[in-house]
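One structure is given here, and the rest of the page talks about it.
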Amino acid sequence: GMLAAHVAGSEERIVASVLIAGAGNVPGVLAHSDQEQVVRQRRARFEEFSLSSAGEYEQLLAPLVPNDPLNVAGNIPAESSYLFIALQDTTVPTRYQQQLRQAIARPVVYTLNSGHVASIVKAYTLHAGKMASFLRRRLGN
């Protein structure tokens with residue numbers, strides 16, 4: 001979702017995007033995600049750089065992340081993104097999904113009251129028709 005959001009904001013030919021649990025603020029996501037590999041990497045960096053807080057880690061990462069979706073989300077055309085936001089997400093923390101939502105002009109939004117994996121599965125299985133309808137409308141088909 002984060003990569004798709006960055007691409008949608010970076011490539012003007014993209015006129016429609018569907019983002020499931022997509023987020024902005026990559027340093028924040030990396031500092032707060034509970035995804036196993038991210039946690040392992042974060043612990044190693046805390047030790048290597050003598051960090052004591054997530055805030056310090058975010059500050060360390062901020063200048064090293066040039067492709068944050070928040071940097072280009074303002075380029076995404078209004079009403080061209082359909083966001084599925086996972087309200088109980090700790091893998092891509094919900095607050096960063098909401099940050100992306102705020103940075104995109106008038107997205108269509110559907111919220112799912114579940115965590116990361118469950119929301120992705122629900123979006124693809126229960127809401128595929130919504131996605132297809134949105135894309136057909138945006139693409140003129």
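The values are calculated or read from the model by the stated rules, or taken from the named source; none is laboratory data. Nothing here was measured: the structure is a model prediction, and the numbers come from that model. Here the Cβ positions follow ideal geometry from the backbone for every residue, glycine too, while neighbour counts run over all protein chains shown. For the accessible areas, the whole protein counts, side chains as well, though only heavy atoms, and no ligand, DNA or RNA atoms are used. Shrake-Rupley method; radii C 1.70, N 1.55, O 1.52, S 1.80 Å.
Assorted remarks:
- Measuring with a 1.4 angstrom probe and ignoring ligands and nucleic acids, residue 106 comes out at about 150 Å² accessible.
- Gap separating the Cα centres of segment 1-33 and segment 54-101, nearest whole Å: 6 Å
- Accessible surface of residue 34, taken over heavy atoms with a 1.4 Å probe and every protein chain present, rounds to 80 Å².
- Where segment 62-141 is the region considered: accessible area per residue in Å², 1.4 Å probe: 54 Å²
- Each stretch of four or more DSSP H residues adds -39500 (n - 2.57); spread over every residue of the chain, this sum gives -14500 deg cm²/dmol at 222 nm.
- The trypsin sites (Lys or Arg not before Pro) of segment 1-103 meeting both criteria, a DSSP state outside H, G, I, E and B (loop) and at most 14 other C-beta atoms within 10 angstrom of the site's C-beta, are 13.
- Segment 21-92: C-alpha gyration tensor shape, a/c 1.5 cut-off, then a/b vs b/c: oblate
- Protein accessible area in segment 4-103, 1.4 Å probe - carbon and sulfur %: 47 percent
- GluC sites (Glu not before Pro) restricted to DSSP loop in segment 1-110 with at most 13 other C-beta within 10 Å: 11, 12
- Surface accessible to a 1.4 Å probe, residue 57 within the full protein complex, Å²: 0 Å²
- Accessible surface comparison of 76, 120, probe 1.4 Å, protein chains only, largest first: the order is 120, 76.
- Positive minus negative residues near residue 23 (Lys, Arg vs Asp, Glu; Cβ under 11 Å): 0
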